[in-house]
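Values quoted throughout were computed directly from the atomic coordinates according to the rules given, and no laboratory measurement underlies them. Predicted model, so just to flag it, every value in this text is computed and none were measured.
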Amino acid sequence: GTAGRGEGPAALPRAGAPQLRCLDRWWMPHHLKAPPKAVPKTIENQRVYDETTVDPNDEEVAFDEATDEFAPYFNRQTVPKILITTSDRPRGRTVRFCEQLATVIPNSHVYYRRGLALKRIIPQCIARDFTDLIVINEDRKIPNGLVLSHLPDGPTAHFRMSSVRLRKEIKRKGKEPTEHVPEVILNNFTTRLGHSIGRMFAALFPHDPQFIGRQVATFHNQRDYIFFRFHRYIFKSEKKVGIQELGPRFTLKLRSLQKGTFDSKFGEYEWIHKRREMDTSRRKFHL
């Protein structure tokens, strides 16, 4: 009969089996071999190309940025001074958020407006050398909107705000932030609109970070959602570095960018988010 397992010439010695398998694979025709590992498709790497994606060497972009409303900041002619205010009669959570935001942005001052219209606040801000105004709006006691206006000439950006976490709600958080100027990281703002928004955030912070404070503020754009985080580096040894989140944290989504300062009636819009017209492809992003 046929040779049983492990006896007679049909069975190969066990030690030879792996070698045989290697040879098999080596001799296998190409069309039978496993295909190379494909890079997984994600919404980001399938992103629809945006014709306004900024080339860092573009002379037109360089000229625009050298003469835009943020040029005085980038040329070190102004020192950032920020007023943080709220919608009228803010509740506890919004108040705490404003106070914590003021510990992230150096030279920022919290002012609770008592029924004063924004149009009346802006000339006072300009007269007192404020370079930016941040307004935190709330709905049902929860902060849900952020307006950022660059002074004196704009622009003004309206954001929807979500996923706000105050310091006490962050697990394993570090000690309170110090008054050192943080490093600022802007990730993934690639289009002309994205560049404008990135420049707005950059202009809130003084130029020279105090690295001794080891604090870093990050604005990370992913699929047009801007994630904000505030961390401190921890040097565990010469080679190992950890990070500790300090808080607060929040997420922003741009709703509009307006020329000039806050003007809800007659303001000229540079960009406004229109869901039905703009969100036709899940792979099309604006920042």
J(HN,Hα) series, the stretch 131-143, from Karplus relation 6.51 cos²θ - 1.76 cosθ + 1.60, nearest Hz, glycine and proline x
9, 8, 10, 10, 10, 9, 9, 9, 9, 6, 6, 10, x
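With only alpha-carbon atoms in the gyration tensor, what are the semi-axes of the equivalent ellipsoid for the stretch 160-243, in Å, largest first?
Numbers: eigenvalues 115, 56, 33 Å².
Equivalent ellipsoid of the stretch 160-243: 24, 17, 13 Å, largest first.
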Over its alpha-carbon atoms, the stretch 144-199 yields an Rg and a Dmax in Å of 15.0, 41
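Beyond 23 Å, what share of the Cα-Cα pairs of the stretch 76-163 is found? Please give it as a whole percent. Mind showing how you got there, number by number?
Values: 637 of 3828 pairs.
Summing the P(r) of the stretch 76-163 above 23 Å gives 17 percent of all pairs.
For the stretch 61-278, what is the number of Lys pairs with C-alpha distance below 17 angstrom, counting only pairs 8 or more positions apart or on separate chains?
Counting lysine pairs in the stretch 61-278 gives 5.
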Computed over the Cα atoms of the stretch 96-218, the Rg and Dmax in Å are 15.3, 42
Each residue of the stretch 104-110 in order: what ³J(HN,Hα) in whole Hz does its phi give by Karplus 6.51 cos²θ - 1.76 cosθ + 1.60, θ = phi - 60°, with x for Gly and Pro?
8, 9, x, 6, 10, 10, 9
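Give me the Å³ per residue figure for the convex hull around the C-alpha atoms of the stretch 61-278. It would help to have the intermediate numbers written out before the result.
On the way: hull volume 32.0 nm³, N = 218.
Spread over its residues, the Cα hull of the stretch 61-278 gives 147 Å³ apiece.
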Any idea what the relative contact order of the stretch 61-278 is, in percent, if you count C-alpha pairs under 8 Å spaced at least 6 apart?
20
Taking the Kirkwood radius as the inverse of the mean 1/r across Cα pairs, report the Rg/Rh of the stretch 198-287.
1.10
Interchain or long-range residues, amide H under 5 Å from S108's placed H
I82
